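The block underneath contains the structure these notes are about, expressed in structure tokens.
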Amino acid sequence: MQKVYSKVTDSLNFFQGIDPTELAAKYGTPLYVYNERILRQRCRDLKNLVKYPNFVVDYSAKANSNLAFLEIVKSEGLEVDAMSPGEIYIERLAGFEPKEIFYICNNVSEDEMKYAIDAGVVISVDSLSQLEQYGRLNPGGDVAIRFNPGVGAGHHEKVVTAGKKTKFAVDPEFIPQVKDILKKYNLNLVGINQHIGSLFMDGTAFVKSIGNLLEIAKQFKGLKFIDMGGGFGIPYKKEFDEPALDLKDLGSKIDEALFKFSKEYGSEVTFRIEPGRYISAECGVILGTVHAIKYNHSHKFAGTDIGFNVLQRPIMYDSYHGIEVFRKSDKKSEKNEDITIVGNICESGDILAKDRNLPEIFEGDTLCVLDAGAYGFSMASNYNNRLRPAEVLIRENNDVVLIRERDELADIRRHQISLKKY
Ligand code: LLP
């Protein structure tokens, strides 16, 4: 195998000596590949974010909810958040106890709310209507409320979840109404939470939002926890040496706010965060195969099997993912050239990487899409009736294990009812 261009995976020792072209041959492509060592390291990075002693990291499973993946996160001592009954279900299967699951729901039906109440997980609601709904279903129960701290952040407007333009959370202006509803149903407010958005590389907005959240907290007595949310970014442009988030600096700023608050508040509070991307993005890549090379009006394209059914982020948010090139044959790339890497889906927007300058790519090459462990498989679909990829894990001892089978054609048929039946 030739490592035609593999700067980032080499620097991380991502493949641990395993040949990605062999993985592609053995398991087929597209293929999600995760590295257990890096996943564990990311869990530990965040567990050590602050010195404040009562601190819990809830992994945000929406980023990657593979069962084996969750089992590793659990073994690192993290807890989890959940956004749906499906996430609660898979998290319970991965071994999380109900009290280790924080259900941060948005606009859920009574049935979904009942599912969570019956499961015994900790529940946060994010509107007055949903607080009423919770109160009707579980009077006298414990509840948390997600507040909008007025400051948002994120890599794209679609993922900014606080501030003036978002559907999420309760505007603190409604605190008097919140108190009325709590009283009406005899509810016990055990915590408050926020999530300002996804992917910040500079903690300024996050620290400011924490300050605002703590002001909100002071208006309630006896809170057991305050959840500051996720959003911790990772550098997607690693091949250009984009720096990582400075966790040490961020941690010390957060600590300052937490220690000060806990001195003033009067009762002991646990602080929580709920990172998804930071934990899962960098431990995952996608391997794909180049099936066609073509020119269209002088534009060069590499046609691959990594359509936007496999990775939605580029079409959805114009997201950048680094691309590496591996080759089974010893054919040389004589030059670098600009090339657009596309998938196999019937839309012109099916572009994985636009105008990248890479060593010449040939049919049969294995491409590796970096930083695909977060919001990769979890957003994959069967669009065009394509099969969702398999997932494998490179273990710390270099074993490679299959942790999800590729969909098969029967999965496309599954749950559909032919009119012949009627
Ligand atoms: N907590 C809540 C309530 C959330 O809604 C989210 C993400 C997180 C935590 C975790 O955020 P993270 O640490 O991963 O930034 N699909 C988009 C990201 C959507 C994030 C949705 N909520 C993407 O691919 O960039």
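Which one is nearest to the chain's Cα centre (by Cα), of the residues in the stretch 51-62 that are touching a residue at least 12 places away in the same chain (Cβ under 8 Å) and surrounded by fewer than 24 Cβ atoms within 10 Å (Cβ to Cβ)? Per the stated criteria, the residue is K62. Mind telling me which of the residues G197, G222, G229 ends up being under 20 Å from S124 (Cα atoms) and in contact with an Asp or Glu (Cβ under 7 Å, 6 or more places away or on another chain)? G229 is the lone residue from the list that is under 20 Å from S124 (Cα atoms) and in contact with an Asp or Glu (Cβ under 7 Å, 6 or more places away or on another chain).
Hey, could you check the stretch 134-150 for residues that are crowded, with 21+ Cβ neighbours inside 10 Å and either more than 15 Å from the ligand (Cβ to nearest atom) or of a type in the set (K, R) (or both) and say which is farthest from G222 (Cα to Cα)? The residue in question is Y134. Given the residues S348, S378, which is the only one that is within 16 Å of the ligand (Cβ to nearest atom), open to solvent by 40 Å² or more (accessible area, probe 1.4 Å) and more than 17 Å from Y27 (Cβ to Cβ)? Sole residue among the options that is within 16 Å of the ligand (Cβ to nearest atom), open to solvent by 40 Å² or more (accessible area, probe 1.4 Å) and more than 17 Å from Y27 (Cβ to Cβ): S378. If I ask for residues that are touching a residue at least 60 places away in the same chain (Cβ under 8 Å) and either assigned to a loop (DSSP other than H, G, I, E, B) or touching a Gly at 6+ places or on another chain (Cβ under 7 Å) (or both), which ones from the stretch 125-155 would you list? Selection gives A144, P149, G150, V151, A153, G154, H155.
Results for (1) over 29 Å from K253 (Cα atoms); (2) touching an Asp or Glu at 6+ places or on another chain (Cβ under 9 Å), shown as yes or no for each residue.
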| position | (1), (2) |
| --- | --- |
| M1 | yes, yes |
| R40 | no, yes |
| N66 | yes, yes |
| S75 | no, no |
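Only one of the listed residues (D10, D45) is more than 16 Å from R404 (Cβ to Cβ), free of Cβ contacts under 8 Å to residues at least 24 places away in the same chain, open to solvent by 10 Å² or more (accessible area, probe 1.4 Å) and part of a helix (DSSP H, G or I). That residue is D10. For the stretch 67-78, a tally of residues being touching a residue at least 60 places away in the same chain (Cβ under 8 Å), out of contact with any strand residue (DSSP E or B) (no Cβ under 6 Å at 6 or more places or on another chain) and within 16 Å of the ligand (Cβ to nearest atom) returns 1. Set side by side, the residues K165, K158 differ, and just one is modelled with pLDDT under 95, over 19 Å from G276 (Cα atoms) and either part of a loop (DSSP other than H, G, I, E, B) or within 16 Å of the ligand (Cβ to nearest atom) (or both), which is K165.
I want to confirm something. Restricting to the stretch 77-100 and keeping residues that are over 16 Å from the mean Cα position of the chain (by Cα) and under 18 Å from G230 (Cα atoms), which single residue is least open to solvent (accessible area, probe 1.4 Å)?
Step one: filter the stretch 77-100 for residues over 16 Å from the mean Cα position of the chain (by Cα), giving 77, 85, 89, 92-100.
Applying the additional criterion that residues be under 18 Å from G230 (Cα atoms) yields 77, 100.
Working: G77: 51, E100: 29 Å².
Checked the stretch 77-100; the qualifying residue least open to solvent (accessible area, probe 1.4 Å) is E100.
Take A244 and decide whether it is open to solvent by 20 Å² or more (accessible area, probe 1.4 Å) and in a loop (DSSP other than H, G, I, E, B). Answer is yes for this residue.
In the stretch 88-104, is there at least one residue being within 15 Å of the ligand (Cβ to nearest atom) and over 27 Å from N186 (Cβ atoms)? For the stretch 88-104, residues within 15 Å of the ligand (Cβ to nearest atom) and over 27 Å from N186 (Cβ atoms): present.
Would you list the strands (runs of 3 or more DSSP E) that sit entirely within the stretch 265-335 and hold 2 or more residues that are farther than 21 Å from K7 by Cβ? Please lay out each step first, then the result.
Numbers: elements: 270-273, 284-296, 299-304, 323-327.
In the stretch 265-335, 270-273, 284-296, 299-304 are the strands (runs of 3 or more DSSP E) which contain 2 or more residues that are farther than 21 Å from K7 by Cβ.
Just to be sure before I move on: is K253 free of Cβ contacts under 8 Å to residues at least 24 places away in the same chain and either assigned to a strand (DSSP E or B) or surrounded by fewer than 21 Cβ atoms within 10 Å (Cβ to Cβ) (or both) in the structure I sent? No, not satisfied. Residues of the stretch 376-399 being out of contact with any helix residue (DSSP H, G or I) (no Cβ under 7 Å at 6 or more places or on another chain), of a type outside the set (S, T, N, Q) and not in a loop (DSSP other than H, G, I, E, B), which ones? F377, M379, Y383 - these are the residues of the stretch 376-399 that are out of contact with any helix residue (DSSP H, G or I) (no Cβ under 7 Å at 6 or more places or on another chain), of a type outside the set (S, T, N, Q) and not in a loop (DSSP other than H, G, I, E, B). Inside the stretch 24-37, residues that are open to solvent by 10 Å² or more (accessible area, probe 1.4 Å) and either assigned to a helix (DSSP H, G or I) or of a type outside the set (G, A, S) (or both) make up a count of 7.
The values are calculated or read from the model by the stated rules, or taken from the named source; none is laboratory data. Predicted model only: the values in this text are computed from it and were never measured. Note that each Cβ is placed from the backbone with ideal geometry, even for glycine, and that neighbours are counted across all protein chains shown. Just so you know, the surface numbers come from the protein's heavy atoms only, side chains and all, with ligands and any DNA or RNA stripped out. Shrake-Rupley method; radii C 1.70, N 1.55, O 1.52, S 1.80 Å.
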